[in-house]
Amino acid sequence: MSQLGSKIDRWIHGFLPATAQGLALSRIFFAAFFLITGIPTFSWVSRNPPGFFDPPTLSAVTFLPTFPPAWAMQALDVFICVLLVFVLVGFKTKASSVLLTLTWLLGNSFRYSFGLIDHTILTVIAPLVMAFSGWGAAYSIDSKMRKATGEIEAWPLSLLALLVGFGFFSAGFPKLFVWADFNLSTQGARSWLVTGWYRLGRNRLLAPLFLSINNPYFWEMMDLTAVTFETTFIFSLVKRGLFRTYLFIAVMFHLANLLMLNIGFITILPVYVIFAPWERIVPRLPRGLLRAVDRLTSVKGMVAVLALFLPLYFFEDSVSINTAANAFSHLGIAFDRIGVLDYNWVLGLILHPLAAVVALILAGMPRALAQRAAPMQGTAGNPVVLFDGVCNLCNAYVDFLIRRDRRHRLMFASLQSEAGKLVTQAAPDAAVPDTFYTMFLLDSDGLIYGRSDAILKSVTLLGGWYRILELLWLFPRPLRDIGYRAIARLRYRLFGTRQSCRVPTPQERAMFLVDFSGSAQPSG
Amino acid sequence: MVMNYGTTGRRWALRLLFIVLVPCLLLQLKIRDDTEPFPAILLPSGASLIKTRGSYSGIETECVAEDSTGRKYVVPVAALLNAVPTDYHPYVLNAGFGISRNRMVRHLPIPFLANRVSIGRRRTPEQIDETRAWLRERLRETLGIDAVRIHVLTYEVTTYYSEVPVRQRRELQGDNTIELRAGGA
């Protein structure tokens, strides 16, 4: 029982890593996203007669006779805007986040009283869950007032991940017994396309192309793909890497839905951003940007942002209802006034592909397997490529690097050497004893990279034309590693082995790290 | 930055939160079959099917206002419902503007208490008359007519999507006539 309890605890508190800066940046992104693209507003509901008030029976407002008076809904609108600004700058962050969700839910209870529930719940509930993570512990007025970073909690990330996984399951489960019928004469995804096309006029982007496809195998495959993705998302919660892979697929899934079905789902994006690998992103962000964010999250910043957004409410009654309800922001109102382009459509067209590109970059971003506590001696601050000294393929790759590394940026060591052992001990999960299925790269910060990350990092360090290979970072790491692993497992059979470990020639000796203490001794 | 699992009580509270949450989430799926609750952690499903070669039938609605002389006018729904986002228009029309269809009152799905606990609220005659007056005023503003009734016409539109060119057939299916005078039937 205690073992099970420990496992549950480990998952709850350690499924996703939480850092003060990462949580803070996801908080700022969340609030800024809605302030820029469209603040939730609800005062328009009061312009309607009581006959239109038809809330879901199981709803918080089901006992009310009609829509609340206009002044109450206007107060709710302004309150939500103020709460979004408070969350943005991290002022009374916990209370502001909880209140934001509660008021947003209340507003949505009225919004969804016209007979249709829009499914934006994951976005609305995110601030409530994240309120308990300490996402106001950095880049916030709170942290400046308390002059302390406060406590960070990782369990809200696990909880939100569970809710996202279940959300997708709730979408896929009813389809499971209908779409996954292995019947080529009935099609599910195509029903969305045909219904949207003929009933709702969704005939843009790639919709005409898909409408012309009559191959039943194609549509059956689409049905099975959608059902598999949606119903299995929740099972990705067993492993962090798998969950992030599913998030990557989800972003692509939403983009595909926009292109094929003309259905956008951009409000979910700030929720996905919360799960981004902030622990790897933050160290790469420009210091100037972080300083600017820190300056914005101040009392002065809060006053400035409030002054920027609150005057919008003077225009609330004069914009079209779709702008008031969906796109209430400077941008949305500007588009409304110009009246040429559909703002929500334009926004979806920009944000979905942008999210896909960012997801590609994040999926391809190198991931350190471990970090050595102390930098390795004798490297002179240069990255070290650690390779299987008896493998012909690995040695050929090292020869290739040595020939082209004219500026002597790289150092080398075999995995069988003392230096290699230190690295394999630091990253035991990746290093399978005696087989050396992965090459490693130890960078100047002591970070250890493996597999395709090590290959890409080492080859791009050569500079010149090899920098073009940086584009391969856009290729998701899990997919890159599948190729790497396949070759690694077959390398001895395909390329053969040496009888003994590589001994550097006198010319190469300066490039080889032969002893971790720094003294020059042949390795292997 | 401080990270710990906390006290034993706190650890158990969190374990309990996660363990209890799972059946609660699953329960929502069961409830959704009857009526979708809000708020609930549910994403849209839409488990519909069409045949590979065949037709798709959908319902289209149209609004026609009628004045006291019996003259009829096609009503631009977007203008009439200018305070309702476009996505919700079909739902308001299907409910006959809330005049021909009242709000649902449901019994809570609790064993043994099903007949005693009910939730929801019916519209009062005054609220329905208020809605009628609102619609008459909107029709006066948008069409400049003094309408006495409004017809919500429903058409079944069948699209033969596997034919080239695509053929559509539109058949009147229903006429929901709504009296706009106070106290109308």
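General remarks:
- Output for the range B:143-172, where each listed residue is of a type in the set (Val, Ile, Thr) and in a loop (DSSP other than H, G, I, E, B): B:ILE145, B:VAL164, B:VAL166
- Helices (runs of 4 or more DSSP H) contained in the range A:1-102 and holding at least 2 residues away from chain B (no Cβ under 11 Å) and surrounded by 18 or more Cβ atoms within 10 Å (Cβ to Cβ): A:20-37, A:70-89
- Residue that is nearest to the chain's Cα centre (by Cα) [pool: residues in the range A:414-426 that are over 18 Å from A:ALA368 (Cβ atoms) and buried (at least 20 other Cβ atoms within 10 Å of the Cβ)]: A:SER414
- Lone qualifier among B:PRO109, B:PRO90 - being at pLDDT below 95, part of a helix (DSSP H, G or I) and within 11 Å of another protein chain (Cβ to nearest Cβ): B:PRO90
- Subset of the range A:201-222 [part of a helix (DSSP H, G or I) and either facing chain B (nearest Cβ under 9 Å) or in contact (Cβ under 8 Å) with a residue 60 or more places away in the chain (or both)]: A:LEU211, A:PRO216, A:TRP219
- Taken together, the residues in the range A:153-183 that are under 23 Å from A:VAL89 (Cα atoms), aliphatic (A, V, I, L, M) and either in contact with a strand residue (DSSP E or B) (Cβ under 6 Å, 6 or more places away or on another chain) or crowded, with 21+ Cβ neighbours inside 10 Å (or both) amount to 2.
- Screening A:THR245 on (1) more than 24 Å from A:VAL89 (Cβ to Cβ); (2) modelled with pLDDT of 95 or more shows it passes everything except condition (2).
- For the range B:39-60, the condition holds for at least one residue, the condition being that it is closer than 20 Å to B:THR177 by Cα and either in a strand (DSSP E or B) or in contact with a Gly (Cβ under 8 Å, 6 or more places away or on another chain) (or both).
- Single residue of A:ARG502, A:ARG491, A:ARG477 found to be touching a residue at least 24 places away in the same chain (Cβ under 8 Å) and under 30 Å from A:ALA250 (Cβ atoms): A:ARG477
- B:ASP129 meets the conditions (1) modelled with pLDDT of 85 or more; (2) in contact with a His (Cβ under 9 Å, 6 or more places away or on another chain); (3) closer than 30 Å to A:VAL61 by Cα in every case but one. The failed one is (2).
- Residue in the range B:52-67 that is more than 30 Å from A:PRO216 (Cα to Cα), small (Gly, Ala, Ser) and in contact (Cβ under 8 Å) with a residue 40 or more places away in the chain present: yes
- Test: B:ASP33 is within 7 Å of another protein chain (Cβ to nearest Cβ), closer than 30 Å to A:PHE177 by Cα, surrounded by fewer than 15 Cβ atoms within 10 Å (Cβ to Cβ) and without any contact (Cβ under 8 Å) to a residue 12 or more places away in the chain: no
For (1) surrounded by fewer than 17 Cβ atoms within 10 Å (Cβ to Cβ); (2) under 18 Å from A:PRO49 (Cα atoms); (3) at the interface with chain A (Cβ under 7 Å from one of its Cβ atoms), each residue gets a yes or a no:
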| position | (1), (2), (3) |
| --- | --- |
| B:GLY54 | yes, no, no |
| B:ARG123 | no, yes, yes |
| B:TRP134 | no, yes, yes |
| B:LEU143 | no, no, no |
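- Candidates A:PRO55, A:PRO17, A:PRO40, filtered to the one that is at pLDDT 95 or above and not basic (Lys, Arg): A:PRO40
- Given (1) surrounded by 15 or more Cβ atoms within 10 Å (Cβ to Cβ); (2) part of a loop (DSSP other than H, G, I, E, B), number of the condition A:PRO506 does not satisfy: (1)
- The range A:206-232 - residue that is over 21 Å from A:TYR246 (Cα atoms) and surrounded by 16 or more Cβ atoms within 10 Å (Cβ to Cβ) and, of those, farthest from the chain's Cα centre (by Cα): A:PRO216
- Test: residue in the range B:14-22 that is under 27 Å from the mean Cα position of the chain (by Cα) and either at the interface with chain A (Cβ under 7 Å from one of its Cβ atoms) or not basic (Lys, Arg) (or both): no
- Those residues of the range A:288-319 which are surrounded by 20 or more Cβ atoms within 10 Å (Cβ to Cβ) and within 14 Å of another protein chain (Cβ to nearest Cβ), in sequence order: A:VAL319
- All positions within the range A:403-412 that are surrounded by fewer than 19 Cβ atoms within 10 Å (Cβ to Cβ) and either at positive phi or in contact (Cβ under 8 Å) with a residue 40 or more places away in the chain (or both): A:ARG404, A:ARG407, A:HIS408, A:ARG409
- Of all the numbered requirements in (1) within 30 Å of B:HIS107 (Cβ to Cβ); (2) surrounded by 21 or more Cβ atoms within 10 Å (Cβ to Cβ), A:THR123 misses one, and that requirement is (1).
- Exclusive hit being polar (S, T, N, Q), facing chain B (nearest Cβ under 8 Å) and within 29 Å of A:VAL346 (Cα to Cα), set A:SER191, A:SER185: A:SER191
- The residues listed here are B:THR52, B:THR61; of these, the one that is in contact with a helix residue (DSSP H, G or I) (Cβ under 6 Å, 6 or more places away or on another chain), among the β-branched types (Val, Ile, Thr) and within 21 Å of B:ALA147 (Cβ to Cβ) is B:THR61.
- For the range A:103-117, a residue qualifies if it is in a helix (DSSP H, G or I) and either without any contact (Cβ under 8 Å) to a residue 60 or more places away in the chain or closer than 22 Å to A:ALA137 by Cα (or both), and the qualifying residues are A:THR103, A:LEU105, A:LEU106, A:SER109, A:TYR112.
The values are calculated or read from the model by the stated rules, or taken from the named source; none is laboratory data. This is a predicted model, so every value here is computed, not measured. Methodologically, a virtual Cβ is constructed for each residue, glycine included, from the backbone with ideal geometry; neighbour enumeration extends over all protein chains shown.
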